[in-house]
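Worksheet: one structure, shown below.
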Amino acid sequence: MMRADLLTDPVAGLDEALAVVDGFDRAMVGGLLRPQPVQAAGLAGLADAVSGTPLASRVAEAAAKATAGAAGEEHLLALAAARTALLGSVHDALMARVGEATGRTGAQPVLPATPGTAPAPNLLAAARAWLADLARAGWQGLDHELVSGAAPVVSAMLPDLALRRLSTLLDGFAAELAASCPGATADGFPVRRWADLWTRAMLLTQPGAADAPATAVVTGRLLPLGVDLHEHATAAHAEVHALFEPADGGTPRLVRAGVFAPKPDTVVGAGVWQLLRPHLSLLAAVSEGRSMDLTGMPVTAEGDLVWDEERARVGEPADPFATARVVLPTATAMAVVPLDRHPVRIAVPVFLEGYAAHADDDALTFTVAGHRLAVRTDRIPAAGPLTPEAVAASRACIGLLRWDAGEFFLQPLAVETTVKKKVLAVHAGGWAGGTTDKLGAKAEKAATEAVAVLRERAGRLLRT
């Protein structure tokens, strides 16, 4: 049984660390070209927060230069590193609390990254220069000329696979910024989010930051727990959370397997699965409630399977709820690489049962051992049969434990509920491998027609 009381107890130093981050993020709103006293205070607070670390001298110098309006790219990089380190400490404190609550410890150490082909230094420098200009102007100083400066950098980066991670981030970030131009007349800004994106992009401009993680190969049985689907206007990403049982009888471990695909904005709901299925046979196994047998499958120390269809085959039936009840409590946690240590990236598979569900307007909570845990049904994708009503009527739940806005919450992946005195399992990824459900089949058909039309039009363009 998960100790829900530990998820509601205060975490020492958490509020103070986040207050420092908020101070820096507010400084980014007005920009660092001519900082005002309030902005200077935010920069000084960041320097004080890392004064006992190896970053101390560099960040103190950077804060002083930024306060004087004379920060160079190296100073802005130091401030980004300090902010990342501070949020990393928040992540670690929260994950320690999650480990206590779930009784799950023993994350494996992170292996050194595998150096890849060195990306063109001039492109990294160009990206860093654009990000530095953003920081100096601030969100209130945004205009279309400034934001459009990212376009040629992104275009030059896209052909280079080593820069795909950074180019995608810059492209999406620039699109969000453009939607708020001009900044001087904007009603408000997503301050934390934009500071997160700016900071991450700034660090990715450093050679080696985006190197591929080292991998090992594993052989054994993969037991899916559920699918977390992220859908945007032009892209879809599915991440399967699962347990891996080594063939040699070793300790089970939490792993993930993900697939990404671009999509037209006309393909929505259940239609996105047909774009993802050809690249990940695991999605069909999830729908069918089956395990998969892996042979020599590459996996990173963080638990990410580098999926290779040739190394996987469909196995025996495997009920995710039986897996959650029997295997999940014994599994080791996933490690986290330094750059990914951020509270927003916390997504820990958990299993709950014996709770009481309480619905209050649009808010749903589970009372677990006398303590309430918020349930975010708005994160349930429309591309599956799982609904908020099914979650509210459930008796057992597999979900992802996440943290946001000062509290832990649960994102449901699957639930067990009783229908006509029969126990029924409903999964968010229930349509991942195909469906005969009326609504799901209708969405799939519409998506097939939309994709066919787009392919035909693309073919015409290529022929002309």
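The values are calculated or read from the model by the stated rules, or taken from the named source; none is laboratory data. As the structure is a prediction and not an experimental result, all values here were calculated from the model. When we count neighbours, we look across all protein chains shown, and the Cβ atoms used for this are built from the backbone with ideal geometry, even at glycine.
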Residues of region 21-51 that turn out to be in contact with a Lys or Arg (Cβ under 9 Å, 6 or more places away or on another chain) and either more than 17 Å from Lys65 (Cβ to Cβ) or assigned to a helix (DSSP H, G or I) (or both), as a count: 8
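Scan region 133-165 residue by residue and report those that are over 19 Å from Ser180 (Cα atoms) and out of contact with any Pro (no Cβ under 7 Å at 6 or more places or on another chain).
Filtering region 133-165 down to residues over 19 Å from Ser180 (Cα atoms) leaves 152-165.
If the condition is that a residue be over 19 Å from Ser180 (Cα atoms) and out of contact with any Pro (no Cβ under 7 Å at 6 or more places or on another chain), then Pro152, Val153, Val154, Ser155, Ala156, Met157, Leu158, Pro159, Leu161, Arg164, Arg165 are the ones that fit.
His241 - would you say it is surrounded by fewer than 17 Cβ atoms within 10 Å (Cβ to Cβ) and either among the basic types (Lys, Arg) or touching a Gly at 6+ places or on another chain (Cβ under 8 Å) (or both)? Full working, then the answer.
Values: surrounded by fewer than 17 Cβ atoms within 10 Å (Cβ to Cβ): no; either among the basic types (Lys, Arg) or touching a Gly at 6+ places or on another chain (Cβ under 8 Å) (or both): yes.
In short, no.
Right, Arg372: part of a strand (DSSP E or B), farther than 21 Å from Leu229 by Cα and in contact (Cβ under 8 Å) with a residue 60 or more places away in the chain or not?
Values: part of a strand (DSSP E or B): yes; farther than 21 Å from Leu229 by Cα: yes; in contact (Cβ under 8 Å) with a residue 60 or more places away in the chain: yes.
Yes; evaluated as a whole, the condition is true for this residue.
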Evaluation of Thr102 against (1) within 30 Å of Leu328 (Cβ to Cβ); (2) among the hydroxyl-bearing types (Ser, Thr, Tyr); (3) at pLDDT 95 or above (one fails), failing number: (3)
Some residue of region 191-213 being of a type outside the set (Val, Ile, Thr), in contact with a Phe, Trp or Tyr (Cβ under 7 Å, 6 or more places away or on another chain) and closer than 22 Å to His427 by Cα: no
Residues within region 57-107 that are in contact with a strand residue (DSSP E or B) (Cβ under 6 Å, 6 or more places away or on another chain) and without any contact (Cβ under 8 Å) to a residue 12 or more places away in the chain, tallied: 0
Arg193, sole failed condition from (1) exposed (fewer than 15 other Cβ atoms within 10 Å of the Cβ); (2) touching a residue at least 60 places away in the same chain (Cβ under 8 Å); (3) basic (Lys, Arg): (2)
Residues (outside any loop (DSSP other than H, G, I, E, B) and either touching a Cys at 6+ places or on another chain (Cβ under 6 Å) or among the small types (Gly, Ala, Ser) (or both)) located in region 378-413: Ala390, Ala392, Ser394, Ala396, Gly399, Pro412
Any hit, region 262-282, residues being touching a residue at least 24 places away in the same chain (Cβ under 8 Å), closer than 14 Å to Leu225 by Cβ and touching a Leu at 6+ places or on another chain (Cβ under 6 Å): no
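Let's see how each residue does on (1) in contact with a Pro (Cβ under 8 Å, 6 or more places away or on another chain); (2) surrounded by fewer than 14 Cβ atoms within 10 Å (Cβ to Cβ):
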| position | (1), (2) |
| --- | --- |
| Thr332 | yes, no |
| Pro338 | no, yes |
| Val350 | no, no |
| Glu353 | no, no |
| Phe366 | no, no |
| Leu386 | yes, no |
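Out of the residues in region 296-330 meeting the condition of being of a type in the set (S, T, N, Q) and either surrounded by fewer than 17 Cβ atoms within 10 Å (Cβ to Cβ) or at pLDDT 90 or above (or both), tell me which one is nearest to Ala216 (Cα to Cα).
Applying the first criterion (of a type in the set (S, T, N, Q)) to region 296-330 yields 300, 323, 330.
From the residues that got through so far, the ones that are either surrounded by fewer than 17 Cβ atoms within 10 Å (Cβ to Cβ) or at pLDDT 90 or above (or both) too are 323, 330.
Details: Thr323: 24, Thr330: 22 Å.
Here the answer is Thr330.
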Hey, Val286 modelled with pLDDT of 90 or more, part of a helix (DSSP H, G or I) and under 25 Å from the mean Cα position of the chain (by Cα) or not: yes
Residue list for region 215-234, restricted to those being surrounded by fewer than 19 Cβ atoms within 10 Å (Cβ to Cβ), aliphatic (A, V, I, L, M) and under 30 Å from Ala318 (Cα atoms): Ala216, Val217
In region 303-335, residue nearest to the chain's Cα centre (by Cα) [restricted to those that are part of a strand (DSSP E or B) and not acidic (Asp, Glu)]: Leu305
